[in-house]
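Right, one structure below, let's go through it.
The values are calculated or read from the model by the stated rules, or taken from the named source; none is laboratory data. The structure displayed is predicted, hence computed values, not measured ones. So basically every Cβ, Gly included, is an ideal-geometry build from the backbone, and we count neighbours across all protein chains shown. Accessible surface areas use protein heavy atoms only, side chains included; no ligands, DNA or RNA. Shrake-Rupley method; radii C 1.70, N 1.55, O 1.52, S 1.80 Å.
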Amino acid sequence: MEWWWAWRWALVTLATIYLSPSHGDDGPTPVLEFISDTLINNVVADPHTGRLYVGAVNALYQLDSQLRVESRTETGPKRDNRLCTPPVTAACEEAVDTDNYNKLLLVHGAKDTLVVCGSVFRGICSLRNLSNIEQLLYFSDTKGEKSYVASAEESVSVVGVMSYFTSREGDNFTVFLVGKGYGSHDSTKLISTRILQDYGDWVVFDSIIEASAVQANPFVLRYLHDFRFAFKDNKFVYFLFSRTLGMQDTKNFTFISRMCEDDQSYYSYTELQLNCSATNKYNKAQVMIMSSQVCVFLCDILYTALVHASVTITVALFLFVGMYPLHSINKRLVEIIGACYSDNGIINGKSAKSIVTQYTCGAEFLPSPLASKAEFALATEPSLVRKGHVTSVSVAVETEHAVAFLGTATGEVLKVHLSAHPEVYGRAPGDVTGDRVNKNLLFDSSLQYLYITSEKKVPVQACHLKTDCHSCVSMKDPYCGWCVLEGRCTKKWECDRSTEDNTWLWSPNQQCVQIEAFSPPNLSCKKTQQVEISVPALPSLRPSDSLVCVFGTFRSQAVTMHDTQVICALPDPVDIPPTPDEQGRWSVTCMHKGLSHVVFRIISNDQSAASCPQFESPEPVLIPVGHRIPISFQGKNLDIYMVRSIMSLMKYTEEEVTQGQGSEFNFRGYEVMVLYNCSTGREDCSLCKHADAKYQCVWCAVTHTCVYRKLCPSPEPAQCPNPTITDIIPRFGPLNGRISVTIKGSNLGIKREDVKKITVAGVDCVHQEDRYSVSTRRVPPFDLPFDSNRGAVEVEVEGGRRGRSEVIFTYRDPKPRSIQPVKGPAAGGTVITIDGEDLDTATKDDVAVMVGDVPCQVLSFGSQITCMTGRYRGQKVPSELLTVTVKYGKNTTKDISAAYQYSDNPKIIEYNPKASFLWCVYCSLSKQHSSLSMLGIKFGNGQWKVGSVYYARKDEVPLAIIIPGVIVPMLLFIAISVYCYRRKSQQAEREYEKVKHQLENLEESVRDRCKKEFTDLMIEMGDHTSDLSEGRIPFLDYKTYTDRNFFLPSKDGANDVMITGKLKIPEGRRAIVAQALNQFSNLLNSKTFLINFIRTLESRPDFNARARGYFASLLTVALHGKLEYYTDIMRTLLLELMDEHVQNKNPKLMLRRSETVVERMLCNWMSICLYQFLRDTAGEPLYKLYKALKHQVEKGPVDAKMKKAKYTLNDTGLLGDDVEYSVLVSVLVHGEGPDVTPVKVLNCDTISQVSLLKNIPFSKHEVAFPPLSTEWRPGSTGQILSDLDLTSQKEGRWKRLNTLAHYNVRDNATLVLSRVLHTQQSFHQNQDSHEEKNALLEDDNTFHLVRPADEIDEVKSKRGSMKDKAMTKAITEIYLTRLLSVKGTLQQFVDDFFRSVLCSSAVVPPAVKYFFDFLDEQALRHDNVEEETLHIWKTNSLPLRFWVNILRNPHFIFDVHVTEVVDASLHVIAQTFMDACTKTEHKLSRESPSNKLLYAKEISTYKKMVDDYYKGIRQMVPVSDQDMNTHLAEVSRQHTDKLNTQVALHQLYQYASKYYDGIIQSLDDDPAAQSKQLTLRLQQIAAALEHKVTDL
């Protein structure tokens, strides 16, 4: 049994293989795990998001990179059974709850979709959202076999790979290729290409490439395939699989197959056997993995499904150094292809021919598929052999070292270094529990973690556990190395510029980076200097790189000298951090691009901070701007450095420092050193005096600025200048005052107490001290009192200094008078506008508006006040008229009484219009008194003047004259119209009732007659039915059937060379011609050539409709051996024809006639595909209809000359006279032999009519009995009977043909048919032969039963009248009731035939369903194709193109002779069939032809039958391309060898020869033809067949 049958549960474990360190955590990385309730089948990862998708039995999981469940969905169990065809319904009694095994998971990142394939429903797939797998994007179980992707059996392996496909139209879209083994209920496709979108004829998951040779012929069911792996490389797709040689031989052999990624037909498919050893001891591939440089697969020697513990596992390694990792495999494949193309299958070690490189992906004219024999297998010796069973493999390449991770059946994950001598260098840490590791062993998107599917968790060691250089490089792990510039143990690709010297250290021979020395070894912490560091193994740096030294928080740029020396600048003294107590060592960090780690240290010899050199107690501390002041400070611990001079760094300028007594030092200071500036922020005297005293700032009266005390040449004034007022806000106030006024100016005091008095227009104003601020331009607001004056503002400050404003303040009384609008909704939000006088008094902040008790928010303030109403809280709505109050400050209130009302909130009940034009143009014509008027156009907000319009003046007519003059004639006209209409209606109704009554009487009279006729017919048909039950329907063989359908309508008829098969070719040239024709056949198999061939011919004006039909028939025979290719050509041409008709706006005319090659090809294709259906289903009712019609016609008189009969369906073929006759039973004796045939004849039959043999296939007539004579033997003597002899009766210049009555032949007479021994022949051997007339009677006019009407009336017309002629002609209408009699008699047979071909519930030929689906898909592709047009397409393609043809010509399928009389009746039935298939309603009248009236009643029934047939076919399960190709391939196999294929090729070449120059030109203009050298190939054929001069 397979391993996983024993699993009860499974889990996915995330084992962290160290690829990037976890900073701050030196402990082992925890192993994360996810546990599934059911067996896990597949695991895939999204490389973009890092998500995992786990396909298990009956479940699908979506996990993040930490194995946390993001989404989950149930996929089973489902009601299913392998015997049930999806969709599975209650009709399938075998359906039970079935587990759904996940067979395939593929990530389609570009569309954010996940392809999920399960084992239920025949392996149908679905599409789910990558971001949320619970969202099902697509699933359909109604598409039939075309959507069966995976296998329904759990044991059958399925692999897949995403790819792309380019359509013939140039569209590029994503597909996926699937490889799978055989299941008992699976399709025979081993490799298929599946589409992921609807496109053209294809639906989602459809198999878009039909290559039966690759998918069917090489893979017969006795070979068992086990696909293990699929991958892509360099535009090729590879499949690895094992295969047994037969059902009994269970030994496995490993193969790798290759084909081009965008191969349209699998022409490039090639197989190569792989031997895991020279003796192929390890012969079955288990698992495989591909990386950029290595291809690894594991083989074992499994012969059965049982696994033993002692099995030796081989890791077969192909290691390739170079650009192409599969070089050896590809090289051998090229040798195979070259041998098959050019060297007769012999591999001789020589390089492949040019055709191999030219046609890398094969071609339609080259052999395919290709495979090598076992002796040419590619073998290699095992690189590593170990005991045990390896279940999974994953490979990575690190620093040019290949590393394989091998999962085993015992739960281990081995790490193998794939060097020249592979070795296991480590294992994943953890206990070996004996639990099997599953096949899914894969890396995450960052290659930092390895996902392991197992039954228990399997942790793996990581690089980041090593935190220093020495421990990292000592592991000897190809994954791990020390990244010098980053200071961590990493994978090489994670270390920046790891390829450069001394940057990433892996081998133990490499030295970790160390510092040898630095100079100077110590120095003062307050000295500015550089340090030189010696680093022998320093990594190489680029010019764009920067090396940074860090001292605490200080960073400085380092300079590299001589690759090993680093010069680093120390920080400025002010930036040196304080030294901790009792510590004198400071770390200096070397940084590279911001990645910090310590590489050296600068160490001082002192052991405490107190011993460091220091400068203390500077004097003075404050230094003003622009004044030089000596500075002194105290030094400490300076004696140990023997200092000669101390440099002070101030503003990048050094000054000499002198030493005073003891440790005192002095320097002069700097003029440009900016410490503080008195004038900054102190623009007036008040602010200057307000500055802190320690700055010694004074107001300099000379410069009018605030400066340092010693910089002012004059003494500081005792008081500041008088206050200055620059502005007053507002400038208007209410009479009652109590508003705030802001006074702006300068020198308005230093503090609030300095303001002593404020007057506005001479009135005192209260100072608001809490809002005072010292400023040169602003004084806080004041409360303004009441006064009626206007005047300036005065301010008095400390010291009696006063300031008066130039700006005048005015008192005035605001008067609000009205508001708009006067009402608004209770919800508020209404903007009201208040008008009045002097409303802009005070400021916006001083104004408040109330509507009743509801505040109104002030929006704008000025000459008008606008505010927004608030929400009305009152109970009564609408409210009373409310007073609107405007408040100015605290004392002034102004009311507007009864000004505003709150009303009900608006409610929208209806709105009109509900629609409008997008654009409107209004034309306005203004009428003027003058004759000229202005015409204007308004468009939206725009208005234009067009010009003037002239009004013609008319004479005024009195209204009293106009009204009667118009109304009276109008009323009179209406009255006359109503009268005429009623009279016509009554007359038509009477006529209708009359005709209806006549028809009912006629139908009643005919009904009784039909019953009798039908009874007689059924008795007669009983004999024929017994013949049919014995299989005596004379079906034509396939060749004769195709000859008659394809070539009988040709101009040569039965003598056509395609029917005779005789070509006149000299004996000496037959071999050359045969070889050339075979080459021409190969050329026709090139689609490029054939399409160009057809297009060239159809472009020639002399290539008429008859030639096109004949050419199409020749092409059908020539390509009969590859009908699937013929179908592809037909589809391509049909698509072009369809596009042409649709673009020309006449799609209904498509397929109406056979005027193009493709239309005739379609007719032939239907004839081929429906032949078996005719034999099995429709042939019997058609033959019965033909026999019944023939019997009904022949039971009454038939005029052999005029081809008219008493009983017929065609009114033009109705015998117009009542001919007397009687039925005779005669015995026909064939020659002198024993064959005796009793027949019923009429005594009015001619001798030729009697001589036609009964119940003998028509083709045997001339073979068995060439020209016959009829002899009547009434006794011992015989009498030769003939149509014309000397006893024939004469009527004027007319001579009547002899009948049995003429010879007085009686009932039960014996008639002997024998060969003609005399020279006198009968008038004609059969009733349709007009060539063999008696030479003696050529000048005589003959007739049989009646003479032509024109001849009868010839004498009368000379002396008669036109009335006589009309009466004579009308007499024939009396006999039209016979048509109804015959129609009623044959009705059942007509219905049976119609039902046999128009019943979708019975057997429908697959070709019909396939082609109708094709038309449906094309109708959807074109937007302007209506349902009626689609109906016409289907009607033109099948009923009118095939069934009508067969119905009119039964001899195309049966070995019968159709007389003209029977043919006329068949045309009536065929016309009825055509009328039933059309959507047009036929309106019948008295003038309608009798043939139309005959089946008028049944037409509606037949129309419904046609509609139901089309609908039923649309609802059927689709016929896949594979099914259709299989059917066509079987037809080709059965019948191709019976056809004259060589003759067809020869005749086709005649067209190529006739239009040779045009074809050559077309091929030269086609790049595809040039690449395939089609012109050269045609020239070679022409040279061989007719010695045509070419360019060779």
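Enumerate the amide H contacts of SER1400 below 5 Å, restricted to partners 5 or more residues apart or on another chain; note that Pro and chain-start residues carry no placed amide H.
none
Residue by residue through region 712-724, which ³J(HN,Hα) values in whole Hz follow from phi under the Karplus form 6.51 cos²θ - 1.76 cosθ + 1.60 (θ = phi - 60°), with glycine and proline marked x?
After applying 6.51 cos²θ - 1.76 cosθ + 1.60, I find 9, x, 10, x, 6, x, 5, 10, 7, x, 5, x, 10 Hz.
Once amide H atoms are built 1.01 Å from N in the peptide plane, which residues 5 or more positions from GLY745, or in another chain, come under 5 Å H to H?
THR726, ARG777, ARG778, VAL779
Taking all protein chains as present, what is the carbon and sulfur share of the accessible area of region 1485-1542, in % to the nearest whole number, probe 1.4 Å? Show your work: numbers first, answer last.
Numbers: 1720 of 3120 Å².
Reported share for carbon and sulfur atoms: 55 percent.
Per residue, how much accessible area does region 1493-1592 show when a 1.4 Å probe rolls over the protein heavy atoms, in square angstrom?
Details: 4880 Å² over 100 residues.
Per-residue value: 49 Å².
Give the long-range amide H neighbours of PHE229: residues separated by 5 or more places, or on another chain, with amide H under 5 Å away, using H modelled in the peptide plane at 1.01 Å from N.
Amide H neighbours of PHE229: LEU240.
Expressed as a whole percentage, what fraction of the accessible surface of region 32-147 belongs to carbon and sulfur atoms when a 1.4 Å probe is rolled over the protein heavy atoms?
Numbers: 2210 of 4830 Å².
Whole-percent figure for carbon plus sulfur exposure: 46.
Could you give the length gained by full extension between ARG1070 and LYS1483, i.e. 0.36 nm per residue of separation minus their alpha carbon distance, to one decimal place?
Numbers: separation 413, 0.36 × 413 = 148.68 nm, distance 6.22 nm.
Result: 142.5 nm gained on full extension.
Using a 1.4 Å probe, what is the accessible area per residue for region 1120-1177, in Å²? Show your work: numbers first, answer last.
Numbers: 2190 Å² over 58 residues.
Ligands and nucleic acids excluded, the figure is 38 Å² per residue.
Subtracting the Cα-Cα distance from 0.36 nm times the residue separation, let me have the gained length for ALA1496 to ASN677 in nm, one decimal. Don't skip to the end; give the middle numbers.
Numbers: separation 819, 0.36 × 819 = 294.84 nm, distance 11.75 nm.
Value of the extension gain: 283.1 nm.
Which links in LYS1087/LYS1479; LYS111/LYS146; LYS823/LYS890 stretch past 30 Å when you go from one Cα to the other? It would help to have the intermediate numbers written out before the result.
On the way: LYS1087/LYS1479 37 Å; LYS111/LYS146 23 Å; LYS823/LYS890 28 Å.
In this structure, LYS1087/LYS1479 exceed 30 Å between Cα atoms.
Suppose R0 equals 51 Å; then what is the FRET efficiency for THR89 and ASP1565 from their Cβ-Cβ distance, rounded to the nearest 0.05? List each step's numbers first, then the result.
Numbers: r = 56 Å, r/R0 = 1.10.
The formula returns an efficiency of 0.35 here.
With label points built 7 Å along Cα→Cβ from the Cα atoms of ARG72 and ALA110, find their separation and express it in nm.
3.4
Can you give me the distance in nm between label points at ALA371 and ASP468, each placed 7 Å from the Cα along the Cα-to-Cβ direction?
About 6.3 nm separates the two model spin labels.
Go ahead and run the numbers for FRET between THR726 and ASN1146, Cβ-Cβ distance against an R0 of 60 Å, rounding to 0.05. Don't skip to the end; give the middle numbers.
Details: r = 90 Å, r/R0 = 1.49.
Calculated value: 0.10.
Rounded, prolate or oblate: which fits region 1518-1592, taking a ≥ b ≥ c as square roots of the Cα gyration tensor eigenvalues, rounded meaning a/c under 1.5, else prolate when a/b beats b/c? Mind showing how you got there, number by number?
Details: a/c = 3.24, a/b = 1.68, b/c = 1.93.
Oblate is the answer for region 1518-1592, as a/c is 1.5 or above yet b/c matches or exceeds a/b.
From the phi of every residue in region 1155-1170, what ³J(HN,Hα) in whole Hz does the Karplus formula 6.51 cos²θ - 1.76 cosθ + 1.60 yield, where θ is phi - 60° and glycine or proline is x?
9, 10, 4, 5, 5, 6, 4, 5, 4, 5, 4, 5, 4, 5, 6, 9
Only loop residues by DSSP count here, and only those with at most 10 other Cβ atoms within 10 Å; note down the GluC sites (Glu not before Pro) in region 109-193 that meet that. The partial results should precede the final answer.
Values: sites: GLU134, GLU145, GLU153, GLU154, GLU169; in loops: GLU134, GLU153, GLU154, GLU169.
Here the GluC sites (Glu not before Pro) that fit, given the DSSP loop and packing criteria, are GLU169.
Please give the length that would be gained between GLU1003 and SER546 if that part of the chain were fully extended, namely 0.36 nm times their separation in residues minus their C-alpha to C-alpha distance (nm, one decimal). Mind dumping the intermediate values first?
On the way: separation 457, 0.36 × 457 = 164.52 nm, distance 11.18 nm.
So the chain would gain 153.3 nm between GLU1003 and SER546.
Mark the label point 7 Å from the Cα of ALA537 along Cα→Cβ and return the residues of region 491-507 whose backbone N is within less than 14 Å of it.
Within reach of a label on ALA537: 501-507.
Using a 1.4 angstrom probe, figure out how much accessible area region 1406-1478 has per residue, in square angstrom, rounded to the nearest whole.
27
Spin-label point model (7 Å from Cα, Cβ direction): what's the LEU859 to THR553 distance in nm?
Spacing of the two 7 Å Cα→Cβ label points: 5.4 nm.
What ranking of PHE241, PHE1035 comes out by heavy-atom accessible area, probe 1.4 Å, highest first?
PHE1035, PHE241
Let's test the formula: R0 of 30 Å, r as the Cβ-Cβ distance of GLU1098 and GLU1417. What FRET efficiency results, to the nearest 0.05? Walk me through the numbers on the way to the answer.
Details: r = 25 Å, r/R0 = 0.84.
The computed FRET efficiency comes out at 0.75.
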